[in-house]
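I have placed the structure first, in the form of C-alpha cells, so that the comments after it can refer back to it.
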Amino acid sequence: MSYYTIIGLEVHVELLTETKMFCSCSTKFGSLPNSNVCPVCLGLPGVLPVINKKAVEYLLKVALSLDCKIPHRSKFDRKNYFYPDMPKNYQISQYDLPLSQDGFLEIEIDGNRKKIGIERIHLEEDTGKSIHTGTIDKSLYTLEDFNRAGVPLLEIVSKPHMSSPEEAGEYLKELRAILFSLGISDCKMEEGSLRCDANISVNKEDFPELSRKVEIKNMNSFKSVQKALFYEIKRQTEMIERGEAIQQETRGWLEEEGKTIFMRGKEMANDYRYFPEPDLLPLEIDRIWLEEIKNTIPELPREKKRRFVKDYNISNYEATVLCDNFALSKFFEETVRIYDKAPVITNWLLGDISKYLNAENLEITSTKLTPENLSEMLSLIDNKVISGKIGKDIIEEMLRSGKKAEKIVQERGLLQISDEEVLWNLIRKVMDENSDAVKEYLKGKTKALGYLVGQVMKQSKGKANPQITNSIILEELQKKTGEA
C-alpha cells in the first residue's frame, strides 16, 4: 500500500518591538516575572487597547517579502478561550480579514525548487507563560508569568503544500533567514520568539477520502519539528494499516522520549467564538506608507545567495549556509572588504569558527572576533609568519577575548619557524626516529613524505613552516634515493 503525506506549518514569530502589541509595557526578555505588565495587557475593566504601529510595519515587511496580497482594509477580532496563561480569557487576533494573505516561499530540495503557498499572515498578541514547578502537599501546581502576554506575535500560516519532513525543515530555515534579514525578530526558538505548530495527515494513494489532520505542538528546534513529523508519519501509517481511524486532535511532542502524545481534541474556528474586537476600529493601510515600507526591504537571502556564488566564487552550498545566517553573511562581506580572498574566509567561517559557535550556541555577533582581526590573522598565514595550524589553535581565543592574532602569537611564543638550519636539525631528528617511513618512501610509497612532514609539525608544535619543511624533507629523501 502506498501513502503520501500532507504537511502545513503555522509559525509564530515574536516581533522586536520595544513595547507590546496594545500597550506601552516593555517586551524585554528575562525580566523579573510579572514585572512588565499593566492594566491593558492584564485585561482589567475599563482599559482600551492601542495598536502598535511598528508591529504593523513589521508584518507588512514580511508580507511584501513573501509576495502576499495586502488588502486595503483589515480588522482585529477576539478569540475567546480560557487558559491560565491568557489573563483576559480572550486573545486579540485576526480572523476573516487578516493584514495579508495568498503569498509563497520558494524552497530548494536536492537542486529542485518548489513553491510553498502562504495562506495568510496576521497579527495577534502572545500569551503568558505557564511554569510547572512541582508540588505542594502532593498536589501539582503551576505558576504564571504574564510578562510575555501581549507581546506582538506574527502568525504565518502555510498552505498544505509540503510532503515530507525535509521540505518542512527547509521551509523553516528559509523563512527564518528572511525574518532575520528583515530585522523584525531575533528568531530564537530556545527563548520562544520563533515557534512552530505542524499540521500533518497521512493518506492512501488513490483513496478519495483524506485522513483527518493532526496538529503537533511544543517543538523548540528545526530538528524537533522534523523528528516529530517523522514520528507522526510512522504512527499514522501504522494506524491505517491496522484499519484504525485517524482522529483530528492536538498532540504534544516529547523531545526526550522522541514521541507525540495526545493533548486534546482539535479546536475548530467556531470553538473560539470569534467576533470583531469592539475596542479597535478597522485598520486601513495607506498605499503611500506601504510603498515607503517596500523601499526599506533589504536584499533577501535567496538573491544574496545568487550574488555570493557569482561575485565571490564560492559554492552554492557555501553561499546557502552563509546566507541562512544574516549575522554570518554580514560578517563575511565585511571581512571580504578588508581581505579579498573570499574562498579562504568562507573556509574559516564555515569550519573552525562555526564549530565554536555551534558548540557554544552563539551567534558570531555575540563573540569578540572582528572582521579586522580575522583578516589580520589570515594575512599572517599568507606571509608565513604563522602556519594554518597555529591559526586554528588561536582562533578560539580570538573569538573569546577579542585579542589580535599577532599578540596571541607573541604571548604564546608561536612564531613560525622558517630558519632552514633550525628546521634541518629538527628534520634530521625526525628522519632518524622514523627510519621505517624513510624506507617506505625509498620503496616508492610516496605517502610516507606526508607522514614525515606531519611528524615534524608535531615535534615543532605546529610552528614549522610546512612548505620549507616539505621541501627540505623531499631534498633529503631524494639524496637517499640517489645513494640507494
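Per-structure values
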| quantity | calculated |
| --- | --- |
| Rounded, prolate or oblate (a/c below 1.5 giving rounded, otherwise prolate when a/b exceeds b/c) for region 153-215 by Cα gyration tensor | prolate |
| Candidate aspartates and glutamates - alpha carbon under 14 Å from residue 445, same-chain residues fewer than 8 apart omitted | 436 |
| Residue order, fewest to most surrounding Cβ atoms within 10 angstrom, among 153, 290 | 290, 153 |
| Filtered trypsin sites (Lys or Arg not before Pro), region 235-281: DSSP coil and at most 14 other beta carbons within 10 Å | 242, 273 |
| Along principal axes, Cα extents of region 420-483, largest first, whole Å | 30, 19, 18 |
| Gyration tensor (alpha-carbon) shape descriptor, region 1-140, a/c threshold 1.5 | oblate |
| Rounded tilt (10° steps) of 326-338 against the dominant C-alpha axis of the chain | 40 |
| Sparse-neighbourhood loop sites, trypsin sites (Lys or Arg not before Pro) in region 157-208 - DSSP loop, at most 16 other Cβ within 10 angstrom | 188 |
| Mean-position separation - Cα centroids, region 13-29 and region 164-182, in angstrom | 24 |
| Distance histogram in 5 Å bins (all Cα pairs of region 222-291, percent per bin) | 3, 12, 14, 14, 12, 9, 8, 9, 10, 6, 2, 0 |
| Cross-link pairs 389/461; 28/188; 129/223 - those with Cα-Cα distance over 19 Å | 129/223 |
| Convex hull per residue volume in Å³, alpha carbons only, for the chain | 238 |
| In region 324-395, the trypsin sites (Lys or Arg not before Pro) that fall in loop regions by DSSP, at most 16 other Cβ within 10 Å | 341, 368, 384 |
| Derived scalar couplings ³J(HN,Hα) [region 311-324; Karplus, 6.51 cos²θ - 1.76 cosθ + 1.60; whole Hz; x for Gly, Pro] | 7, 10, 6, 10, 6, 4, 5, 4, 5, 5, 5, 5, 7, 6 |
| Euclidean distance between Cα centres, region 210-279 to region 334-387, Å | 43 |
| Between 0 and 90°, nearest 10: helix 222-241 axis offset from the chain longest Cα axis | 60 |
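A short reminder: the numbers here are calculations on the coordinates, not readings from a lab. Just so you know, these numbers come straight off a predicted model, no measurement behind them. When we count neighbours, we look across all protein chains shown, and the Cβ atoms used for this are built from the backbone with ideal geometry, even at glycine.
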